[in-house]
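In what follows, a single structure is set out as structure tokens and then discussed.
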2 protein chains.
Amino acid sequence: MSVEVQAKAGKTRLRLWLKLLKTSNAVETALRDRLRTEFGTTLPRFDVMAALDRSPEGLKMSELSRRLRVSNGNVTGIVDRLEAEGHAERHAVAGDRRAMEVRLTGKGRGHFATLAAAHESWVNELMGAITEAEAVRIMEDLDTVARDLEEKR
Amino acid sequence: MSVEVQAKAGKTRLRLWLKLLKTSNAVETALRDRLRTEFGTTLPRFDVMAALDRSPEGLKMSELSRRLRVSNGNVTGIVDRLEAEGHAERHAVAGDRRAMEVRLTGKGRGHFATLAAAHESWVNELMGAITEAEAVRIMEDLDTVARDLEEKR
DNA sequence: CAAATATATTTTAAGCTTGAAATGAATCGG
DNA sequence: CCGATTCATTTCAAGCTTAAAATATATTTG
């Protein structure tokens, strides 16, 4: 491939990245706004609750931060707030006094069900311009990027 | 369209959103890490410098925050830091004593040229799994989403 | 002109995020 | 068993981000 064609592909990828970023920021901002104004909560709290909802048996703090790909210290603060709201609880782990298991409370589980339904319908509305066929195709392309990134990490 | 088909399309859009978010977070994190470790700077500072570089005549604070789609207070802090580093300068605006015009310094312009070259090559590397043809196609799809979002704001 | 309103910016409080340091507990090699 | 190392978590300092309040200036309107 010629140097010119390479450079052109590079510029196209840069434009794609800027558009990807702009679009995902716009969707994310809309979701944050609605979580805040309609439910008085935040996306980080929603993300933690979503992870906990999928593991009713509870998750260790480190497992939570690994799954969400955020730092340990970050999860500490978010779980602190969920706990203060009565949506999550920390429990000692039998056999390892260093570790803490986090679970949704009954209240947290009910609250999350409401949030998740609203979230799904919002995403569907915000991304409504994309047909199912296009969605499948874009996902396949993004998968190649994600896998590529995963490898080089 | 039947209720079932609608629900299926909705789930597909939700999965697309999650993948879009995951991919753009992964790319963004890689860019942040490299800006930090290789140049001791941040993505917000890079974004502000990029906007200023495109407007050598300077931009008012409010124009800067409008273009970057962030709050005024946010820009205040970032420009404070760029100014402390000697990469940007605030100037009074003739005829409006409320306003401030921000410009890159010579040093800032030179620094940004280095950053921008590295940034472009990083993006090209990180998104290398996408061919130019795929990139063009995805951009078209994202454009419909972005336009749609723009309208409903 | 004076009062009300609008605009440009900064400040503030709260939350999110990170990397690095600190703490306490478990494990491993000798 | 003991010292070193690893591991789980929290704490800390710094920066980013927002919405809302505060400040200062400009514009509009009665």
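A short reminder: the numbers here are calculations on the coordinates, not readings from a lab. Model, not experiment: these values are computed from the prediction. Cβ coordinates were reconstructed from backbone atoms using ideal geometry, including for glycine residues, and neighbour counts include every protein chain displayed.
Taking each residue in B:117-125, count the Cβ atoms of any other chain within 10 Å of its Cβ, then average. What number comes out?
Numbers: counts 0, 0, 2, 6, 2, 2, 9, 9, 4.
Taking the mean over all residues of the peptide, I get 4.
Could you compute the net charge surrounding residue B:52? Neighbours are other residues with a C-beta less than 9 Å from the C-beta of residue B:52; K and R count +1, D and E count -1. Provide the component values of the computation, followed by the final result.
Numbers: positive: B:54, B:103, B:109; negative: B:53.
Net charge around residue B:52: +2.
Show me the three semi-axes of the equivalent ellipsoid for the protein assembly as shown, from the C-alpha gyration tensor (sqrt of 5 times each eigenvalue), largest first, rounded to whole Å.
Working: eigenvalues 252, 135, 91 Å².
After diagonalising the Cα gyration tensor, the semi-axes are 35, 26, 21 Å.
Once both labels are modelled 7 Å past Cα along the beta-carbon direction, what's the residue A:94-residue A:29 spacing in nm?
5.0 nm
Across peptide A:24-31, how many C-beta atoms of other chains are within 10 Å of each residue C-beta, on average?
On the way: counts 10, 4, 8, 6, 5, 3, 3, 2.
Mean partner-chain Cβ count within 10 Å for A:24-31: 5.
Just grab the label-to-label distance for residue A:15 and residue B:81, each label 7 Å out from Cα along the Cβ direction, in nm (one decimal).
3.1 nm
What does the C-alpha gyration tensor say about the overall shape of region A:55-153? Classify as rounded when a/c is under 1.5, otherwise prolate if a/b is larger than b/c, or oblate. Could you put the intermediate results ahead of the total?
On the way: a/c = 3.05, a/b = 1.50, b/c = 2.04.
Oblate, because a/c is 1.5 or more while a/b does not exceed b/c.
If you wrap a convex hull around the Cα atoms of region A:83-123, how much volume per residue is inside, in Å³?
Details: hull volume 3.6 nm³, N = 41.
Hull volume over Cα atoms, normalised by residue count, gives 89 Å³.
In terms of the Cα gyration tensor, with a ≥ b ≥ c the square roots of its eigenvalues, is region B:1-57 rounded because a/c is under 1.5, prolate because a/b exceeds b/c, or oblate?
oblate
5 Å is the cut-off here: which amide hydrogens, built 1.01 Å from N in the peptide plane, fall below it relative to residue B:93, excluding neighbours closer than 5 in sequence?
B:99, B:101
Quick query: amide H of residue A:42 versus all other amide H atoms, modeled in the peptide plane; which residues come in under 5 Å with a sequence gap of 5 or more or a different chain?
Correct list: empty.
In whole angstrom, how far apart do the alpha carbon centroids of region A:115-153 and region B:49-121 sit?
A separation of 34 Å, based on Cα centres.
With only Lys, Arg, Asp and Glu charged, each at its Cβ (+1 for the first two, -1 for the last two), find how big the charge dipole of region A:1-150 is about the Cα centre; round to the nearest 20 debye. The partial results should precede the final answer.
Numbers: 24 positive and 23 negative charges, 94 e Å.
Here region A:1-150 has a charge dipole of around 460 debye.
Using R₀ = 22 Å, calculate the FRET efficiency as 1/(1 + (r/R₀)^6) where r is the Cβ-Cβ separation of residue A:8 and residue A:133; round to 0.05.
Working: r = 28 Å, r/R0 = 1.27.
After rounding, the FRET efficiency stands at 0.20.
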